[in-house]
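The values are calculated or read from the model by the stated rules, or taken from the named source; none is laboratory data. Everything numeric here is computed off the predicted structure, so don't read it as measured data. Ideal geometry is used to build each Cβ from the backbone, glycine not excepted, and the neighbour counts take in all protein chains shown. Keep in mind that these areas ignore ligands, DNA and RNA; they rest on the heavy atoms of the full protein, side chains included. Shrake-Rupley method; radii C 1.70, N 1.55, O 1.52, S 1.80 Å.
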2 protein chains.
Amino acid sequence: MAIPTTMRGVYLTGIGGLDKLVYRDDIPVPLPQAEEVLVKVGACGMNNTDINTRTAWYSKSVTSETGSGGREGFAEAQSNDSTWAGSGLTFPRIQGADVAGCIVGVGKAVDDNRIGERVLIDPWIRDPATPTDRSLAGYFGSERDGGYAEYTTVPSVNAYRVDTELGDSELATFPCSYSTAEYMLVRARLAQDEAVLITGASGGVGSALVQLAKVRGARVIAIAGREKLDEVRNVGADVVIGREQSNLEQAIREATLKGEVDVVADIVGGSNFPTWLDLLARGGRYVTSGAIAGPIVDLDLRTLYLKDLELWGATVMPQDVFARLVDMIEQRKLKPLLAKTFSLAEIGTAQSEFLKKKHVGNFVIVP
Amino acid sequence: MAIPTTMRGVYLTGIGGLDKLVYRDDIPVPLPQAEEVLVKVGACGMNNTDINTRTAWYSKSVTSETGSGGREGFAEAQSNDSTWAGSGLTFPRIQGADVAGCIVGVGKAVDDNRIGERVLIDPWIRDPATPTDRSLAGYFGSERDGGYAEYTTVPSVNAYRVDTELGDSELATFPCSYSTAEYMLVRARLAQDEAVLITGASGGVGSALVQLAKVRGARVIAIAGREKLDEVRNVGADVVIGREQSNLEQAIREATLKGEVDVVADIVGGSNFPTWLDLLARGGRYVTSGAIAGPIVDLDLRTLYLKDLELWGATVMPQDVFARLVDMIEQRKLKPLLAKTFSLAEIGTAQSEFLKKKHVGNFVIVP
């Protein structure tokens, strides 16, 4: 198969609104470096992190608590601390963290036999010399070009061979959301028969948390918008509760066997945070990888220390999380939740619809 | 030695001010239950927890952030959730968690040979059937009578034989503060050569943290009031910084080797909390066992998750922490910081002076 020299793709041209996303058909096809592979993108999933990076929500100078509206409040943001890893973002940048595809070329240090492999890409790019050093990690589609294009390159170690009957669009729902969710449950040490509260359970990470918590044999209490509860139940939650419920805390307590939960896996944040800590049993664990309803929350240190709680952040994960995810996919333990597909040229429409949060599961771009 | 039938001691008669502490000379000497020992109190150390319990500061309904003044704001508190363990407090209660003394009697299930042993008391009372179950733990001097009296009883397993040249007043500085501090460092996994920031380093737990962090070979940056810095340096801190310093964050960064710290051990809370999290390195650990400057703090969930931080509460500890503490005392790795001694009748004066926080180390009551 001949590799063209130019390709279609989407450039992020700066920090800002949707107008910063520019569809192009003349982007140079990248060349793999020695330790890298060239991947023909079959599909690339969408994530909040695409929008957070574009709007510099990760920057400390943006503190709005108004949810997705607040995330558009990028006026004061500095581009030099706008990414997950806190390092600078350069433009133009091709975003897109969730790639399923096929290896079509390799760098000179990579075995030719990898050409033709069907792969899923681990989006955490680690320094090969110090792969366990969190401070050196970068993200695919953020610190380097990602998957909103026909071709992309990644270090060979990031391209995991995957053997599955699932299509590329279905596979592309997994990488970012499911590795993040699995890492959250690793940090919280969620165990069989424990009760876990999952907030924002209809989204990409939320629905991944539901499935992965069930793989661990936990009892899942899931919070989502009222109109999505049936779908979240179908994903596998034992109990679903509408976040509009007037007495949310009481409803959750009644849904547990002992009136409290062992783990809270939260990707929403906002004003319910104190309630989540109150719901935790003594010695309970709270873990977060997002705060779409507002990042600044009230913490009562007495609750934290008198109940011996643990609060965990989960972003930069060790390599074994992704390997385990690929295993679970191959063993058919996880079902893809493909909400909708879009073409590269439709990226603006896709992100607008994504932000409305009317869907359950994942949006995917197909080049 | 004949055991009298009545003794001198201090009754806490209810939730409230210093007037709730009543000195008496007609308190019945307690009888040890089957698994218990009777201890003649040599000395009993004072702690914030005495005052927190009296003023029901542990109750969720008290949320003042005004420090020791705020802790006296007990008007709305409920006595049924006023203790560490969240269980009810009954009156009259003899407080006092930090007892050094001598076993003078034993219950029928305890070996007579223990009579005459010099002991230090582990204040965490565990259910003998389930000693690792945090939810069943109670505190000596809170859920049961403690050491502000001539005699007290405890489960035999809580009375640790101690072989040392230190006097009882010196020994009584250790139990509550040092076991709490050691448990904080256990949870935060403080390791050799790591940098630890210790807040409130002049108090009982704070000065214990300084010593115990040095035992672990960490680099200690200690925050305290300006007038106590020399004393905190003498305790062993590598760097001392006055909390009145205008740019505290910058001063701390300059005191580290890499501009950030690995662990924050905080017993102060209050408005500096966001700064402590900003100072933590990626993957850093924050641990708390108190919040004297105010329990309700602003938490930026982005800081927690994007830096993969861990926030730990430390209250109910496993048994091995106290055993290790006794070992360190016997091996002379810790020096007692005896600030001042008082008699039982002087308890009101002692607590008033204690609350002024002009001292470094621990106050002790000698019956």
Restricting to lysines and to Cα separations under 29 Å from B:LYS258, and discarding same-chain partners fewer than 8 apart, the set is A:LYS60, B:LYS214, B:LYS228, B:LYS307, B:LYS333
Show the residues, 5+ positions off or on another chain, whose built amide H is closer than 5 Å to the amide H of A:LEU38.
A:VAL104, A:GLY105, A:VAL106, A:GLY107
Once the other residues with Cβ under 10 Å from the Cβ of B:VAL157 are scored (Lys, Arg +1; Asp, Glu -1), what is the net sum?
-2
Give the long-range amide H neighbours of B:GLY283: residues separated by 5 or more places, or on another chain, with amide H under 5 Å away, using H modelled in the peptide plane at 1.01 Å from N.
B:ASP308, B:LEU309
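Which three numbers, in whole Å and largest first, are the semi-axes of the equivalent ellipsoid of the stretch A:176-313 derived from its Cα gyration tensor as √(5λ)?
On the way: eigenvalues 76, 53, 46 Å².
In descending order the semi-axes read 20, 16, 15 Å.
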Carbon and sulfur: what percent of chain B's accessible surface (1.4 Å probe)?
47
For B:ASP278, go 7 angstrom from Cα along the Cα-to-Cβ vector, then report the distances to that same point in the other copies in nm, smallest first.
3.1
Would you jot down the residues in the stretch B:309-353 that end up with at least 30 Å² less accessible area in the complete protein assembly than in the chain alone, with a 1.4 Å probe?
B:GLU310, B:LEU311, B:TRP312, B:GLY313, B:THR315
Roughly how much accessible area, to the nearest 100 Å², goes out of reach of solvent when A and B pair up, both sides summed, probe 1.4 Å?
3700
Okay, which of the stretch A:26-49 sit inside 16 Å, backbone N to the point 7 Å along the Cα-Cβ direction of A:LYS108?
A:31-37
Dipole of chain A [Lys/Arg +1, Asp/Glu -1 at C-beta], most positive-end residue of A:TRP124, A:ALA149, A:SER246
A:SER246
Answer with one residue from B:ALA97, B:VAL110, B:ILE329: the one whose Cα lies farthest towards the positive end of the charge dipole of chain B, charges on Cβ with Lys, Arg +1 and Asp, Glu -1.
B:ILE329
Under a straight-distance cross-link criterion of Cα-Cα below 12 Å, which aspartates and glutamates are reachable from B:LYS340, leaving out those fewer than 8 residues away in the same chain?
B:GLU170, B:GLU353
Residues losing 30 Å² or more accessible surface upon assembly, the stretch A:286-302, compared with the chain by itself, 1.4 Å:
A:THR288, A:PRO295, A:ILE296, A:VAL297, A:ASP298, A:LEU299, A:ASP300, A:LEU301, A:ARG302
Under the Karplus relation 6.51 cos²θ - 1.76 cosθ + 1.60, θ = phi - 60°, what is the ordered set of whole-Hz ³J(HN,Hα) values for the stretch A:237-249, x standing for Gly and Pro?
4, 6, 9, 10, 9, x, 6, 7, 3, 5, 10, 4, 4
Which of A:VAL326, A:VAL268, A:VAL157 moves the most in a Gaussian network model of chain A with Cα springs under 10 Å?
A:VAL157
Inter-copy spacing of A:THR341 label points, which lie 7 Å from Cα along Cα→Cβ, given in nm from shortest upward:
8.3
Taking the Cα centre as origin and putting +1 on Lys and Arg beta-carbons and -1 on Asp and Glu beta-carbons, what dipole magnitude results for the protein assembly as shown, to the nearest 20 debye?
160
List of the stretch B:122-142 residues, accessible area with partners at least 20 Å² below that of the chain alone (1.4 Å probe)
B:ARG134
How big is the equivalent ellipsoid of the protein assembly as shown along its three axes, where each semi-axis is √(5λ) from the Cα gyration tensor, reported in whole Å from largest to smallest?
55, 26, 23
Sorting A:THR13, B:THR5 on solvent-accessible surface, 1.4 Å probe, most exposed first, gives B:THR5, A:THR13
What are the nm distances, shortest first, from A:PHE91 to its equivalents in the other copies, labels at 7 Å along Cα→Cβ?
6.7
Charge context of A:THR315, other residues only, Cβ under 12 angstrom, K/R +1, D/E -1
+4
Order B:SER142, B:SER246, most accessible first, counting only protein heavy atoms with a 1.4 angstrom probe.
B:SER246, B:SER142
Residue-ordered couplings for the stretch B:209-223, obtained by feeding phi - 60° into the Karplus form 6.51 cos²θ - 1.76 cosθ + 1.60 and rounding to whole Hz (Gly and Pro as x), are 4, 4, 5, 6, 5, 5, 4, 7, x, 8, 8, 9, 10, 10, 9
Diffing the stretch A:126-131: the Karplus 3J(HN,Hα) column from phi (6.51, -1.76, 1.60, θ = phi - 60°), in whole Hz with x for Gly and Pro, holds 9, 5, x, 6, 9, x
Roughly how many debye, to the nearest 20, is the charge dipole of the stretch A:176-313 about its Cα centre, given +1 on each Lys and Arg Cβ, -1 on each Asp and Glu Cβ, and no other charges?
220
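Give the accessible surface of the stretch B:176-313 per residue, rounded to a whole number of Å², with probe radius 1.4 Å and ligands, DNA and RNA excluded. Don't skip to the answer; put the middle values down first.
Numbers: 4120 Å² over 138 residues.
Dividing the accessible area of the stretch B:176-313 by its residue count gives 30 Å².
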